[in-house]
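Chemist: Before I ask anything, here is the structure I am working with.
Read-outs throughout are calculated quantities, based only on the coordinates presented, and are distinct from any laboratory measurement. Bear in mind the structure is a predicted one, so any value in this text is a computation, not a measurement. With ideal geometry, Cβ positions are generated from the backbone for all residues, glycine too; neighbour counts draw on all protein chains shown.
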Amino acid sequence: MTSDFDPEARTYTREHVAELCATVTRVCTETAVTDLHTHLFAPAFRELLLYGIDDLLTYHYLVAEYLRVSDAPYEQFWVLSKRAQADHIWQALFLDRSPISEACRGVLTVLDRLGLDVGGRDLDEYREYFAERDVASHVNQVFDCVNLKCIVMTNDPFDEKERPVWEGEYAADSRFHAALRVDVLLNSWGNACERLEGWGYDVEKSLKPRTISEVRRFLTDWLQRTRALYTAVSLPPDFAFPEDSARHKIITECVLPVARLENVPFAMMIGVKRAVNPALRLAGDGLARSDVGAVERLCAAYPENKFMVTMLSRENQHDLCVAARKFRNLLLFGCWWFLNNPSLIEEMTRMRIELLGLSIVPQHSDARVLEQVIYKWEHSRQIIAKVLADKYTDVVGTGWSVRDSEIKRDVGLLFGENFWNFLKRT
């Protein structure tokens, strides 16, 4: 390669760092992404699919931020309509002070990318825009805006609003994949047992062999009904393995055997402390450091199972990266919940790539409102591109050359192929 940059050659050396960085940014922008964990729903689920400005403004991140600066009693806020709550949040967080938190910035990014006048600060105009939108066409627009290949939902058979959709004539949308959520089953066995019994499963709280068999049947029924890509659970910071509990027995004798037979991973999201402040409702959850050793022991004890793990505490991330170096049946994914902020995304992505190379899934949106995928992926793409550009620059600084096709291959792995390849692994 000559010292003059040849755009047709698309091979970069230490003399072409600026062009290399520009290409990385472009590829990260143009590559379609698989969002492997969201709380979104396909349009067929109707009211469960949240979208629009009032849902964006009343997202629990913004509720918690608003209630920090409000003097009103919590209950006074909760009795308001969603529209009135959104009015208060807009006034307090966007007009009375600058909207510079990540959650506030995210709303502005959404409005801007949808072509609305952010500088006008006209909430009524934004409401009118969303009110005029056809849901199906709006979903299409959001997917196009983000360059989303597909998303994975969170699907809870214990949810009375969601369950009837699956039991009816649900017409699957190929862009919306299912993930079977088993939080109630693992974290509240007494409640789950009563529900299963009501649905015709022959179970009892003592978890005798017949009950184990029936729980396995339940899991198989719902994995097959939903065609779930994986089964998942959110776990508290004190989650341990092994432990003397119903949860341990159900994981080891039900979830993992069924997951092996169905060839689906078991995804664990570890570290959430529920209802730290109950008065905040959904906004009242917190976090704490967890035991990475529990993950290590599970991966070692069940090498034929596949595990996907993300943890909520920043302090767990280095330990978790090192654990992933030891177990190829462990896939790290995303920057979950309170970690989904630019400074932490960059820190975690750098550490993971430095320790694990390209064998991770750096991000998922965790979106609960449709349009959140716009800002979460735009902001994350920028950060991932920055990290990758720095790493490629380091590599070409040694005399190694990087080809355009290699950059596309690598970004494709990070933005979806690693996940799909992990699902296929037996």
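Chemist: For Asp202, put the label point 7 Å out on the Cα→Cβ axis and report which residues of region 215-240 keep their amide N under 18 Å from it.
Modeler: 215-221
Chemist: Moving on. Roughly what would the spin-label model give for Asp244 and Ala171, points 7 Å off Cα along C-beta, in nm?
Modeler: Each label point is offset 7 Å from its Cα along the Cβ direction, giving 5.5 nm.
Chemist: Using only DSSP helix segments of four residues or longer, with each worth -39500 (n - 2.57), what per-residue ellipticity at 222 nm results for the chain after dividing by its residue count and rounding to 500? Walk me through the intermediate numbers first.
Modeler: Values: 20 runs with 201 residues, N = 426.
About -14000 deg cm²/dmol.
Chemist: Considering lysine pairs in the chain that are 8 or more places apart or on different chains, how many have Cα atoms under 14 Å apart? Write out the running numbers ahead of the final one.
Modeler: Working: Lys205/Lys249; Lys208/Lys249; Lys306/Lys326; Lys306/Lys424.
The number of close lysine pairs in the chain is 4.
Chemist: Moving on to the next point. Rank the residues Lys273, Lys208 as a footprinting-exposure proxy: fewest other Cβ atoms within 10 Å of their Cβ go first. Each step should come with its number before you reach the end.
Modeler: Working: Lys273 14, Lys208 11.
Final ranking by Cβ density, sparse to dense: Lys208, Lys273.
Chemist: Further question on the same structure: Could you sort the peptides 302-308, 338-344 by per-residue average Cβ neighbour count (10 Å cutoff), highest mean leading?
Modeler: On the way: 302-308: 18.3, 338-344: 16.6.
Result, highest mean first: 302-308, 338-344.
Chemist: Return the long-range amide H neighbours of Phe241 (sequence gap of 5 or more, or a different chain), with a cut-off of under 5 Å between placed amide H atoms.
Modeler: Here Ala294 satisfy the definition.
Chemist: Using Cβ counts within 10 Å as a stand-in for footprinting exposure, how do His37, His16 rank, fewest first?
Modeler: Details: His37 25, His16 21.
Ordered by Cβ neighbours within 10 Å, fewest first: His16, His37.
Chemist: So, R0 is 45 Å and r is the distance between the beta-carbons of Glu304 and Arg403; what FRET efficiency does that work out to, to 0.05? It would help to have the intermediate numbers written out before the result.
Modeler: On the way: r = 37 Å, r/R0 = 0.82.
Efficiency computed from Cβ-Cβ geometry: 0.75.
Chemist: Determine the shape class of the chain: with a ≥ b ≥ c the square roots of the Cα gyration tensor eigenvalues, call it rounded for a/c under 1.5, and otherwise prolate if a/b is greater than b/c, oblate otherwise. List each step's numbers first, then the result.
Modeler: Values: a/c = 1.72, a/b = 1.15, b/c = 1.50.
Here the chain falls in the oblate category.
Chemist: Calculate, in nm to one decimal, what Arg325 and Ala136 gain on full extension: separation in residues at 0.36 nm each, minus their alpha carbon distance.
Modeler: 63.8 nm
Chemist: Give me the one-decimal nm value for the distance between modelled label points at Thr13 and Gln91, 7 Å along each residue's Cα-to-Cβ direction.
Modeler: Here the answer is 6.5 nm between the modelled labels.
Chemist: For a footprinting-style exposure proxy, rank Cys28, Cys335 by other Cβ within 10 Å, fewest first. Present the calculation step by step, with values, prior to reporting the outcome.
Modeler: Working: Cys28 23, Cys335 28.
Ascending Cβ contact count within 10 Å gives the list Cys28, Cys335.
Chemist: Can you give the relative contact order of the chain as a percent, counting alpha carbon pairs under 8 Å and 6+ residues apart? Spell out each step's value before the answer.
Modeler: Working: 629 pairs, mean separation 100.6, N = 426.
After rounding, I find 24 percent.
Chemist: Next question, about the same structure. As an exercise, use a Förster radius of 35 Å and the Cβ-Cβ distance of Arg46 and Leu423 to find the FRET efficiency, rounded to the nearest 0.05.
Modeler: Values: r = 28 Å, r/R0 = 0.81.
Efficiency, from the Cβ-Cβ distance: 0.75.
Chemist: What residue among Gly334, Gln372, Thr398 has its Cα farthest toward the positive end of the dipole of region 322-426, where the charges are +1 on Lys, Arg and -1 on Asp, Glu, each on the Cβ?
Modeler: Result: Gly334.
Chemist: Using a simple spin-label model with points 7 Å from Cα along the Cα→Cβ vector, what separation in nm is obtained for Asp117 and Arg274?
Modeler: For Asp117 paired with Arg274, the spin-label model returns 4.7 nm.
Chemist: Which of the helices in the chain, when you take each full DSSP H run, stretch at least 30 Å along the axis at their Cα atoms and have an average Kyte-Doolittle score of -0.5 or higher? Before the final figure, lay out the partial values.
Modeler: Numbers: long enough: 372-396 (36 Å, -0.17).
TM-like helix candidates: 372-396.
Chemist: Okay, moving on. Can you give the FRET efficiency to the nearest 0.05 for Val79 and Thr252, using r as the Cβ-Cβ distance and R₀ = 51 Å?
Modeler: Efficiency at R0 = 51 Å is approximately 0.70.
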